[in-house]
Amino acid sequence: MPRDIGNSGAVAGCAAVPVEETDGDEALARSAAAGDVDAFDRLIARHYDRFHRLAWRWCSNSSDAEDVAQDVCVKIAHAIRGWRGEAAFTTWATRIVYTTSMDRLRSRQRLRLVEPSIMAALVETSAEAPREVDAEQGLLDGELWDEVRRLPAQQRDAVLLVYGEDMSHGEAAAVMGCTEKTVSWHLFEARKRLKVRLEVAG
């Protein structure tokens, strides 16, 4: 009989549990929602590194990112029984990472200026192919995101989700709680704002 999530200390060790790739996220999430802590452990272990990466993109600090990732595990443990599959597990969990990171950012935000040449990488990148920059220039993890964090909050979040996590505009909209058209507008405004700032800096 599966152990019950509510009577387990599984969250603290979630990242160390072996992951079996044969079970899909949705199947594991359904089992976890029914109280199966083994399924919960495997599900969180599979996504823990992504939770940490997402948190780092917003917080730009490894200590904060680790705290956020652990908080997310706890929140998912409490919320998983309410998951009914209306959204994919990854979208649902990303929303939790997003709101937890926003809470951290409201109390602690670290920003710094970067070189204009790095700002140009995002300005010149098409929204349709964010991974090209990652592959060819290696800019998606580093100083570029420090500059992105200076954008207005909604523009920043749209860029981090679409460019940083390769989410579709629709997926990002589900995480941000807005329409797909709004995400597209925020991305357009973000590129325009960065281009103006680049021209001023140059």
(request) Would you kindly state how much longer the chain becomes between SER63 and ARG193 on full extension, computed as 0.36 nm times their sequence separation minus their alpha carbon distance, in nm to one decimal? (result) 43.8 nm
(request) Quote to one decimal, in nm, the extra length available between SER168 and ARG84 on full extension: 0.36 nm per residue of separation minus the C-alpha distance between them. (result) 28.0 nm
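On full extension of the chain, what length is gained from THR179 through ARG53, given 0.36 nm per residue of separation minus the C-alpha to C-alpha distance? Provide the component values of the computation, followed by the final result.
Numbers: separation 126, 0.36 × 126 = 45.36 nm, distance 2.47 nm.
Working it through step by step, the gained length comes to 42.9 nm.
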(message) Run the reach check for LYS181 against lysines, Cα to Cα strictly under 27 Å, same-chain hits fewer than 8 apart removed. What comes back?
(response) LYS192, LYS195
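Quick note: the coordinates plus some simple rules give every number you see, no bench work behind them. Here the structure is a predicted model, which is why all the values come from computation and not from measurement.
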